[in-house]
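What follows is calculated from the coordinates using simple rules that are stated; it is not laboratory data. All values reported here derive from a predicted model rather than from experimental measurement. Cβ: placed from backbone, ideal geometry, glycine included. Neighbour counts: every protein chain shown.
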Amino acid sequence: MATNEAVADRTLDCSDLDNYIGKPMTPFSLKEDLHNNDFRRWAQAMHYPNLLHYDAEYAARGRFGRLVAPQSFTISAGEGHGACPAGIGNIPDSHLIFGGDEWWFYGPRLFAGDRVIHEKIPFDYAVKETKFAGPTCFQRGDNNYYKQDGTLFAKQRSTSIRYRRDLAVEMGSLDQTEDPDWTDEELADIESRKLEFIQAVHELGHGRRHWNDVNVGDQLPVRVFGPHSVASFATEWRAYMMTIWGGSHRNQDCDPAKLGFVGPMAGWEMDPVEELVNPENTDGAYIGPSRGHLFTRWAQYVGMPRPYGYGASMGAWIIDYLAGWAGEWGYVVHCNSQYRGPAFSGDITIQTGEIVDKMTDDQGRKLVQIKSKMANQDGTTMATAVAEVELPE
């Protein structure tokens, strides 16, 4: 990757963030109720072939009697995939990537006809030195998700990584600019490996995975998907419902220019005024900070070697992995994930998990604690997570 001349000023000005911490932002909601096709589109984009979320006949015979949204779908029905309260405030000449999130789920599920109200409250921030971009701001924000009747059904504390894009380019810590070159035989092997997790989900079907029948040290089936591509990243982006033209009650809380995004990355993404003039300028795939995911030129402009996936999607992959193993009678009650690096174009993703504890909580729920890891084909860690999953006794 080409680098600039050494940057003289190496400071990161985060002073404006103090003006926002703890202050609620404008709530967000979609204009229409949720539809079964929203769940299907999400499952498809997240590589999650669980019949419970896309096959109506199968779902009708199960616990819910109809299609139900994946637990991970919550993030699709909100604004900015949870990054808004973790990215508010001006940091001059900066860019943002997703660094992790912690989820709490409170029981209610989403079905067609529901509507989600997304509440956003900036939480805190800290500046640390990193090999990626020198002084780097780790900012957190709370996202509370309510159903139309006011029921709080999920909370997400997201972490964004805000950094000087010129320092990231100068330091050039990520330098693998070329996609892996997979042979036909390797691709065929990847396809066969994908079936291990898929078949485990199908074999459990509508059955119960009982708490009594699992033990500390048990390994979850390995989940493999990919290779990732610009096409798969674009499919992810289009499954986030905020990207649909005219589909949301927009606001200008997270105007990229006001947040300090630099130069051509400070476009009109999600701008409610420009959306009525030329919506292609606002949907993030073509103009604005999100296009770094889809175009090599703009990925390298912000310090990435080549197109890369969305951090929020990695969080969804983790929740789907846990929920798919637990089955429709199980439930992810808490998951804390840290993202080490994105899914780059050409890479595959390999998920593993292990039960590390069994417990009964103060509500009498039977829980297993699972440590999960996400890595690419070279063994490079992409994310780690610790989660508590409820199973029937």
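Details
- Amide H to amide H, with H built 1.01 Å from N, K358 comes under 5 Å of Q369, counting only residues 5 or more places away or on other chains.
- Distance between modelled label sites at D362 and H35, nm, 7 Å Cα→Cβ extension: 4.4
- Take the Cα of N215, step 7 Å toward its Cβ, do the same at W245, and the gap between the two points is 5.9 nm.
- Taking each residue as 0.36 nm, the span from L276 to E393 lengthens on full extension beyond its C-alpha to C-alpha distance by 36.8 nm.
- Mean separation of Cα contacts under 8 Å, 6 or more apart, over the residue count of the chain: relative contact order %: 20
- On the basis of the beta-carbon distance and an R0 of 45 Å, V7 and V230 show a calculated FRET efficiency of 0.90.
- Relative protection proxy for 337-344, 53-60, from highest mean packing down: 337-344, 53-60 (other beta-carbon atoms within 10 angstrom).
- Multiplying the residue separation of D184 and T26 by 0.36 nm and removing their Cα-Cα distance gives an extension gain of 51.9 nm.
- A straight Cα-to-Cα reach below 25 Å connects K31 with the lysines K23, K120, K147, K155, residues fewer than 8 places away in its own chain not being considered.
- Residues of the range 62-82 with amide N under 20 Å of a point placed 7 Å along Cα→Cβ from R208: 62-66
- Per-residue ellipticity at 222 nm, computed for the chain from helices alone with -39500 (n - 2.57) per DSSP H run of at least four residues, works out to -6000 deg cm²/dmol.
- GNM top mover of A316, A375, A112 - the chain, alpha-carbon springs below 10 Å: A112
- Between 0 and 90°, nearest 10: helix 36-45 axis offset from the chain longest Cα axis: 70
- When the alpha-carbon atoms of the range 254-393 are used, the pair Rg, Dmax equals 19.3, 56 angstrom.
- Stokes-Einstein translational diffusion, the range 158-264 - Kirkwood Rh over all Cα pairs, 1.002 mPa s, 20 °C, in µm²/s: 109
- Chain lengthening between F295 and N19 when straightened (0.36 nm per residue, less Cα-Cα): 96.0 nm
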